[in-house]
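Working notes, beginning with the structure itself.
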Amino acid sequence: ARAFEVPAATARRALLRLGDLSEVAARAARGGAAALQSAEVRPGVPLLPMLAQIADDFDEVLAAHGGTSALEYKYDGARIQLHHDGEDIKIWTRGLSEVTASLPDVIETVRRELTAPPFILDGEVLALDPTGRPLPFQELMRRFRRLHDVDRLRREMPLALYFFDGLMAGGRSLIDAPYRERWDALVAVTGGRHLAERAIVTSP
């Protein structure tokens, strides 16, 4: 932002959408703030993950959220970003490493049960034991970035999906949309399946 004299907020917004700081710099060098402002969300281009902020108490949370907040379970899994452009489906980790080839069962679930691409969803993958109980995060890592024995591992360690945000639905970016609208779009894409369990609350 300093190098090319663009507002820091504009550079951050472009980085969120492009997921690649070198691409942000190249655009800023070519066209300044206008080139960064035109950066749009595209399926197949991983987005920089949106991260949570920590609050000191729940009254502060409710005040920041206008008196109503959504509480979700924190799953001990791995965060994924799922992109479907109508043909290809790709999956990235929180660190923007592509793990599509390691998660064929997730791809099958998406093709079978999710509708209205192009879409981009934010979620969590959890590993299960044969009885359906969650396995520790360390066990799940055996499935990620694995290119050999994938079929054997998927039988031994099935995965559960929990989506918690819709970043694009029906080809329309939802990043700047309010939470309620993004959740409604997520429900429409998933048919209400594979959603993070949540509660809507209005008081501590």
Over the range 37-194, what relative contact order in percent results from Cα pairs under 8 Å that are six or more residues apart?
22
If DNA, RNA and ligands are ignored and the probe is 1.4 Å, what is the ranking of SER97, SER203 by accessible area, most exposed first?
SER203, SER97
Tell me the accessible surface of MET141 in square angstrom (1.4 angstrom probe, heavy atoms of protein chains only), to the nearest ten.
60
For semi-axes √(5λ) of the Cα gyration tensor in Å, several values are listed as (1) 22, 21, 17; (2) 26, 19, 16; (3) 30, 23, 16; flag the one computed from this structure.
(3)
Nearest 10 degrees, 0 to 90: helix 21-37 Cα axis against the chain principal axis:
50
Hey, if we sort PHE163, PHE137 by accessible area with the 1.4 Å probe, largest down, what's the order?
PHE137, PHE163
If you take every DSSP beta bridge whose two residues both sit in the chain, what share of them, in percent to the nearest 5, is antiparallel?
95
Accessible area per residue, 1.4 Å probe, Å², for the range 1-124: what's the number?
55
Which shape class applies to the range 1-91: rounded if a/c is under 1.5, otherwise prolate when a/b exceeds b/c and oblate if not, where a ≥ b ≥ c are the square roots of the Cα gyration tensor eigenvalues?
oblate
Counting other Cβ atoms within 10 Å, keep those with at most 14, restrict to DSSP loop, and tell me which trypsin sites (Lys or Arg not before Pro) in the range 1-83 are left.
ARG2, LYS74
Classify the range 140-189 as rounded, prolate or oblate from the Cα gyration tensor: take a ≥ b ≥ c as the square roots of its eigenvalues, call it rounded if a/c is under 1.5, otherwise prolate when a/b beats b/c and oblate if not.
prolate
As I understand it, the value is the acute angle between the Cα axis of helix 8-18 and the longest principal axis of the Cα atoms of the chain; what does it come to in degrees, rounded to 10?
40
Going by a ≥ b ≥ c, the root eigenvalues of the Cα gyration tensor, does the range 93-204 fall in the rounded group (a/c under 1.5), the prolate group (a/b larger than b/c) or the oblate group?
prolate
Largest to smallest accessible area among TYR162, TYR73 [probe 1.4 Å]:
TYR73, TYR162
Rounded to whole Hz and in sequence order, give me ³J(HN,Hα) for the range 91-107 from the Karplus expression 6.51 cos²θ - 1.76 cosθ + 1.60, θ = phi - 60°, writing x for Gly and Pro.
10, 10, 7, 4, x, 6, 8, 7, 10, 3, 5, 7, 10, x, 5, 5, 4
What's the magnitude of the charge dipole for the range 1-72 around its Cα centre, counting Lys and Arg as +1 and Asp and Glu as -1 at the beta-carbon? Answer in Debye, nearest 20.
640
Percent of accessible area on the range 85-169 owned by carbon and sulfur, 1.4 Å probe?
49
Taking the chain as the reference, fit the longest principal axis to its C-alpha atoms, fit the long axis of helix 179-190 to the helix C-alpha atoms, and give the angle between the two in degrees, 0 to 90, nearest 10.
40
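The values are calculated or read from the model by the stated rules, or taken from the named source; none is laboratory data. Everything quoted here is computed from the prediction, not taken from an experiment. Positions of Cβ are backbone-derived with ideal geometry, glycine not excepted, and every protein chain shown enters the neighbour counts. With ligands, DNA and RNA removed, areas are computed over all heavy atoms of the protein, side chains included. Shrake-Rupley method; radii C 1.70, N 1.55, O 1.52, S 1.80 Å.
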